[in-house]
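This report concerns only the one structure given below.
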Amino acid sequence: MGVNPVRVKERAFAISIATAGVAGAFLIVIQPVQPAIGRDSSASCSRVRAGRHGLDLGTLLGAFVLGLAESFTSTYFGPSWAPAVSFGLLLATLAFRPSGLLGR
């Protein structure tokens, strides 16, 4: 169709790198740089993946289940265990329901 897929991928990669650089420059003004700076985004990614990517109701259900699990874990076992339980539930979901909670 006249579209060079390699060129499209290169431009998409360049745009994503540029926006990541700008976001990093703005983020460094708000909070200091530390090793745990990306922990929140990885948790939100696991919530979307647990629900089912592209399905709003599944994402909402996955976020609800993982949020409750993290909250109960933080309350009863300590906040340091919350990410472990979150990713444990994500791995269990991927092992037993690879298409997500509401997937077919």
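The values are calculated or read from the model by the stated rules, or taken from the named source; none is laboratory data. What you are looking at is a predicted structure, and each value in this text was computed from that prediction instead of being measured. Note that we place each Cβ from the backbone using ideal geometry, even for glycine, and neighbour counts take in every protein chain shown. We work out accessible area using only protein heavy atoms, side chains counted, and drop any ligands, DNA or RNA first. Shrake-Rupley method; radii C 1.70, N 1.55, O 1.52, S 1.80 Å.
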**Message:** Looking only at residues that are modelled with pLDDT of 80 or more and not in a helix (DSSP H, G or I) in the range 53-104, which one is surrounded by the most Cβ atoms within 10 Å (Cβ to Cβ)?
**Reply:** 77
**Request:** With respect to residue 21, determine if the residue is open to solvent by less than 80 Å² (accessible area, probe 1.4 Å) and modelled with pLDDT of 75 or more.
**Result:** yes
